[in-house]
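Engineer: Next up is a structure, given as structure tokens.
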Amino acid sequence: MDTLPELTDELFILNTPFFDGEGLTVLLVRFLFNCLVIGLIIHFFYYPKSHRRDYYFTFSLISVSVFFLIFLLGSVKIKIGFALGIFAIFGIIRYRTESVPIREMTYLFIIIAISVINALATQISLMEWIATNTIFVLSIWLLESERWLKHVSSKLILYDKIELITLDRREELLSDLRKRTGLSIRKVEIGHIDFLKDAAYIQVFYEPESREINTTETLHRLPRENN
């Protein structure tokens, strides 16, 4: 009977229980259910219409980050100053002269989430702790993999053959753009039309030969010419 406390103490590493079967089961069941719901929304509602792999990546990983932050830190009493400190990090970045692309912002949020979890989640078992970090890594690896999603890039083109932008000549427009750009264009969106100059801004979506970050977020309007 005297040895029971000693055996129990050996099960604790870094002041956390080594294994909590019930807690780990609840964690995984809730996480899988959350992934199922979020995955259905993003993969079957959002992605088929937008084909924006960068936002698919962002929405999915933010969901993973928020889930673990709320679930694992639910028992931690966070003071107002600490909570404001986390949001202050994003506020400082938003006030930079150079805006941070959404992909980098996503990685920043993930890094902050993992760091907060690893620092404060002291009420969970060591196996839950390891499983959480492993799921983060696997989620990023899966969403970065080309096997799961096709990468679709976009470019903004100032197009001169304005007579081809009508709906009944869409195939001619696609054929001309493919021939002149050499890109495997899947679809186009017609933007600003200037009938005085016989030109229109067209955003083309294409499958790149080599993997590249979607250029839509880095597009800038061309400066207007002085009349």
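Engineer: Conditions: (1) modelled with pLDDT of 85 or more; (2) assigned to a strand (DSSP E or B); (3) hydroxyl-bearing (Ser, Thr, Tyr). SER154 meets all but one. Number of the miss?
Structural biologist: (1)
Engineer: Cβ-Cβ distance below 6 Å, separation of 6 or more or different chains: which pairs start in the range 122-133 with a residue that is touching a residue at least 40 places away in the same chain (Cβ under 8 Å) and end on one that is in a helix (DSSP H, G or I) and open to solvent by 20 Å² or more (accessible area, probe 1.4 Å)?
Structural biologist: Every condition considered, the pairs that remain are MET127/LEU24; GLU128/LEU24.
Engineer: Would you confirm whether or not the range 141-149 contains a residue that is in a loop (DSSP other than H, G, I, E, B) and either at pLDDT 90 or above or open to solvent by less than 20 Å² (accessible area, probe 1.4 Å) (or both)? Spell out the reasoning first.
Structural biologist: As a first pass, look at the range 141-149 and keep what is in a loop (DSSP other than H, G, I, E, B): 145-149.
Checking which are either at pLDDT 90 or above or open to solvent by less than 20 Å² (accessible area, probe 1.4 Å) (or both) leaves us with 149.
For the range 141-149, residues in a loop (DSSP other than H, G, I, E, B) and either at pLDDT 90 or above or open to solvent by less than 20 Å² (accessible area, probe 1.4 Å) (or both): present.
Engineer: Using the structure shown, decide if LEU183 is at pLDDT below 90, surrounded by 13 or more Cβ atoms within 10 Å (Cβ to Cβ) and of a type in the set (A, V, I, L, M).
Structural biologist: On the way: at pLDDT below 90: yes; surrounded by 13 or more Cβ atoms within 10 Å (Cβ to Cβ): yes; of a type in the set (A, V, I, L, M): yes.
Criteria met by LEU183.
Engineer: Follow-up. Among the residues of the range 201-221, is any open to solvent by 20 Å² or more (accessible area, probe 1.4 Å), out of contact with any Ser or Thr (no Cβ under 8 Å at 6 or more places or on another chain) and modelled with pLDDT of 85 or more?
Structural biologist: yes
The values are calculated or read from the model by the stated rules, or taken from the named source; none is laboratory data. Predicted model only: the values in this text are computed from it and were never measured. With ideal geometry, Cβ positions are generated from the backbone for all residues, glycine too; neighbour counts draw on all protein chains shown. Only protein heavy atoms, including side chains, enter the accessible area calculation; ligands, DNA and RNA are left aside. Shrake-Rupley method; radii C 1.70, N 1.55, O 1.52, S 1.80 Å.
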